[in-house]
Structures are given as structure tokens and as C-alpha cells.
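Please read the structure below before turning to the comments.
Laboratory data are not the source of any read-out in this text; all were calculated from the coordinates shown. Computed from a predicted structure; not experimentally measured. Cβ placement follows ideal geometry from the backbone for every residue including glycine, while neighbour counts extend to all protein chains displayed.
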Amino acid sequence: MERSARSKCGNSGVALLTALGLLFIFSAFGMAFVTYMTTMLERSQFETRSVRARHIAAGGIQVAIGRLQSALASGKIADALSAPGECEFPLYQYDAAAPEKISAMTDRRWAVGLTISDESGKVNLNYAPTRVLQAILGVDGDTARKIRSALPPTGPAVAPASAANQRWLTSLDNLVTRGLISPAAFDAVPKRLATVHSVADPARPVRFLNVNAAPPAVLAAVLDLPLDAAKQVAQKRPFASFADLSAAAGKDPSAFIMKPAPDPGGTLPGELSLQSRCFRIESIAELMARKADGSEYRITGSRAEAVVVFDDGGAPQITFWSEALERAEAGKAQAVSTAAKSGDRPILLEKP
């Protein structure tokens, strides 16, 4: 009898321990599931905001392109380059009481900062003559000829590449990655003087270098002048005609390194221009949250960069694009000023 009572008591203890063990295991699974779902929800929100950030940064590029088109049409490109490049993209949310209605969010907004710079004063290495390559890159004649021979031929009628290794440079880094110059020589190249993105149509590489925007070092290379003489030429800008440029340089355009086309009446090298047509745009989009005290901090952000070339009719063509997500520093308040324009306000929806 006593033995039977002890056996029952022992079995009850084992059952209790088993139940407690199972309860612990299920609780652990439940906590792990909740943690997993919370993590996945946060990840989903982060990815949604990241996608929106990239779209907003890309939208900033389009806003800048529109402003540049207007500036080119009105002849006020200098204003577009000097004016603060800012815009605001407000957020909207569904009205919980009336799902068919939307209302602007007051505690969140997208702020976009735009930077526009002129790329038209840089030498396009894909279309530069050997002597210009030599001057801009600071290399000897043999290296300059090696670079020129590695590029497709240029001219009024561009012929197909005659060798398998003849292809365009798609970035300045290609000079090193294709073994055209050494890394040390590349480090010494003044990057502010060179580009590979200022021509939209390789079959028509015309008027892509603006002598009114070119630094003196570029003028010296293109016009075949000493640097001091090129600085004096730069001080006489802007030039209203190529006759003005020729007079300032003290030589006929036929004596420039970039020479005029041989057709009758040709007075100007086809590569040169008096107006900028190529611009680099940087767009930084930030999702800003407003605290109760009115201060703001960034939740997430994205950066997009593009080079755009406008043709004679003002139509844009993007020749370079890059984008990257920028992570926010948790809790760091950042004041962002905006100059919102009614035409810069697309509608974005946030669920409450």
C-alpha cells in the first residue's frame, strides 16, 4: 500500500516535470516565433522604405532635369547651377474613418537635396586627340597613342572598331583596369579635367566641350597654348562667337589641336561649343520624422547620381547612373531646409 502510494507520487512528479519541460519548450518556440516575425516585419518595413528612398532619389534627378530644361530654354543656365537645389516630397496616408480619402502626414516627409554641376568643360577622353590625351593625363606620347589606339575611331562617320580591344571607356577607372596607364599615373590625373560621359551618341560626337566653361588647363590642351596664355584667354570669357575665341587665342581655329572639319565653310572644331549641354546631378533623398518638440531626425535615405546630356532640341539623355542606400544614424536629428515647389509634389501613400 505504502509502496503503491510512493509509486503514484513518483509518477505524478515525472508528469509534472514533463509538463513543465513541454511548457518551456513551447514557450521558447513561441518567443522565437514572435522574435522572428518582429524581425521580418522590421526587415519588410526597412526594405519598403529603401525602395521608396531609391525612387525618391531618382525622382529628384528628374526634377533637376526639368529645371535644367527650363534653364536651357530661357538661357539662364547659370541660375540653375547656382540656385539651391532642394525640393520636398510630402507623404500621404489613408484616412482610417474614410478609406477612400487620403490626408497629408504631418510627422513625416521626404526631403531631397540636389546638386547640379557643369560637366561640359571637361575633356571627353573617348574623343580626345593624342596630344590632348597627353596634356590632360600627363603621359608621354607613346602612352597617349596606346590609349588612342585602344579606342574606336572617331570622326564625322564613325567606322566600326578595327580590333577586338577597341572599345569605349565607360569610366575613368578603365584607364587602369584595361592596363592603359599605371595606378600611380592614374592617381596623378586631375579628375576635374576629364570625363567619358559627355557624348550621348557616339556616331555624332559634336559640341560636347564648352570653351566658356573649360578650366585653363583644358583650354591650353585644346587650343595648343601655354598655360599662362590659356589663363589669359579664360579671363576674356564668355565668348559670343568662335571669332571671339580665335581672337582671344591669337590664332586661327585651324591651328587648334581640335581642328575644324575640312568641309567648306568649316570654321570651328566640331567638338567645341559655346554653351553647356552636359551636367552631373546628385540627388540625396531623406525620410525625415518630426518629434513632438518640432525637431527632425532621418529614418533612412538614398543617393542617386546621374550625368545627363541635352541635344539641340533640349531633349535629355542620361549617360551615367549610380545609386546607393544611405543608412540613418539612429536618433540623430538633422535639420533639413526645403524650398518646396507645387510641381515637385508627387503623391506617396503610407498605411496608418
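For the stretch 93-152, what D do you get in µm² per second when you plug the Kirkwood radius from alpha-carbon pairs into Stokes-Einstein at 37 °C and 0.692 mPa s?
Values: Rh = 16.5 Å.
The estimated diffusion coefficient comes to 199 µm²/s.
So, in nm, how far is label Gln232 from label Asp252 when the simple model puts each one 7 Å beyond its Cα toward the Cβ?
2.2
If each of Ala97 and Ala83 carries a label point 7 Å out from its Cα toward its Cβ, how far apart are those two points in nm?
Going by the 7 Å Cα→Cβ label model, 4.0 nm.
Show the residues, 5+ positions off or on another chain, whose built amide H is closer than 5 Å to the amide H of Met105.
Excluding prolines and chain starts, which carry no amide H, the hits are Leu91, Tyr92, Gln93.
What is the magnitude of the charge dipole of the stretch 76-124 about its Cα centre, with +1 placed on the Cβ of each Lys and Arg, -1 on the Cβ of each Asp and Glu, and no other charges, expressed in debye to the nearest 20? Please list the in-between numbers first.
On the way: 5 positive and 8 negative charges, 9 e Å.
So the magnitude is around 40 debye.
Apply the Karplus curve 6.51 cos²θ - 1.76 cosθ + 1.60, θ = phi - 60°, to the phi angles in the stretch 213-225 and return the couplings in whole Hz, x for Gly and Pro.
Here the 3J(HN,Hα) series is 10, 6, x, x, 4, 6, 4, 4, 5, 7, 8, 6, 10 Hz.
Could you work out the percent of alpha carbon pairs in the stretch 48-87 separated by over 13 Å, rounded to a whole number? If you can, show how the numbers build up before the last one.
Working: 438 of 780 pairs.
Percentage above 13 Å: 56.
For the pair Lys291 and Thr115, how long in nm is the line joining their label points, each one 7 Å along Cα→Cβ?
2.8
Sequence gap at least 6, Cα distance under 8 Å: using those rules, report the relative contact order of the stretch 60-114 to the nearest whole percent. Intermediate results must be reported in sequence, preceding the final value.
Numbers: 57 pairs, mean separation 20.1, N = 55.
That works out to 36 percent.
Straight-line reach from Lys291: which aspartates and glutamates fall under 15 Å, measuring Cα to Cα and dropping same-chain residues less than 8 apart?
Straight-distance partners of Lys291: Asp107.
By average Cβ neighbour count within 10 Å, what is the ranking of 79-90, 273-284 from highest down?
Working: 79-90: 16.8, 273-284: 21.8.
So the order, starting with the most tightly packed, is 273-284, 79-90.
Given H placed on each backbone N at 1.01 Å, which residues far from Gly121 in sequence or on other chains put an amide H within less than 5 Å of it?
Placed amide hydrogens put Asn210 under 5 Å from Gly121.
Spelling out what I want: for every residue of the stretch 180-194, take phi, set θ = phi - 60°, compute 6.51 cos²θ - 1.76 cosθ + 1.60 (Karplus), and round to whole Hz; glycine and proline get x.
Each residue's phi maps through the Karplus curve to give 7, 9, 7, x, 5, 5, 5, 4, 7, 6, x, 4, 5, 9, 10 Hz.
Rounded to the nearest Å, what's the spacing between the alpha carbon centres of the stretch 271-302 and the stretch 199-232? Just the number, please.
What the calculation gives is 30 Å, centre to centre.
Provide the per-residue ³J(HN,Hα) series for the stretch 167-177, in order, calculated from phi with Karplus coefficients 6.51, -1.76, 1.60 and θ = phi - 60°, each as a whole number of Hz, with x at glycine and proline positions.
Using θ = phi - 60°, the values come out as 8, 5, 6, 9, 7, 4, 4, 4, 4, 8, 5 Hz.
In what sequence, highest mean first, do 19-25, 317-323 appear when ranked by Cβ atoms within 10 angstrom? Working shown, then result.
Details: 19-25: 10.0, 317-323: 14.6.
Ranking the peptides 19-25, 317-323 by packing returns 317-323, 19-25.
Distance check, please: which entries in Lys191/Lys251; Lys191/Lys231; Lys122/Lys259; Lys76/Lys191; Lys191/Lys259 exceed 21 angstrom between their Cα atoms? Write out the running numbers ahead of the final one.
On the way: Lys191/Lys251 28 Å; Lys191/Lys231 19 Å; Lys122/Lys259 17 Å; Lys76/Lys191 27 Å; Lys191/Lys259 24 Å.
Among Lys191/Lys251; Lys191/Lys231; Lys122/Lys259; Lys76/Lys191; Lys191/Lys259, the Cα-Cα distance tops 21 Å for Lys191/Lys251; Lys76/Lys191; Lys191/Lys259.
Please compute the volume of the convex hull spanned by the alpha-carbon atoms of the stretch 109-247 and report it per residue in Å³.
Numbers: hull volume 23.0 nm³, N = 139.
Output value, Cα hull per residue: 165 Å³.
What net charge is computed for the residues neighbouring Arg148, neighbours being all others with C-beta under 15 Å from the C-beta of Arg148, Lys and Arg scored +1, Asp and Glu -1? Please list the in-between numbers first.
On the way: positive: Arg131, Arg145, Lys146, Arg167, Arg178; negative: Asp140, Asp142, Glu271.
Net local charge, Arg148 excluded: +2.
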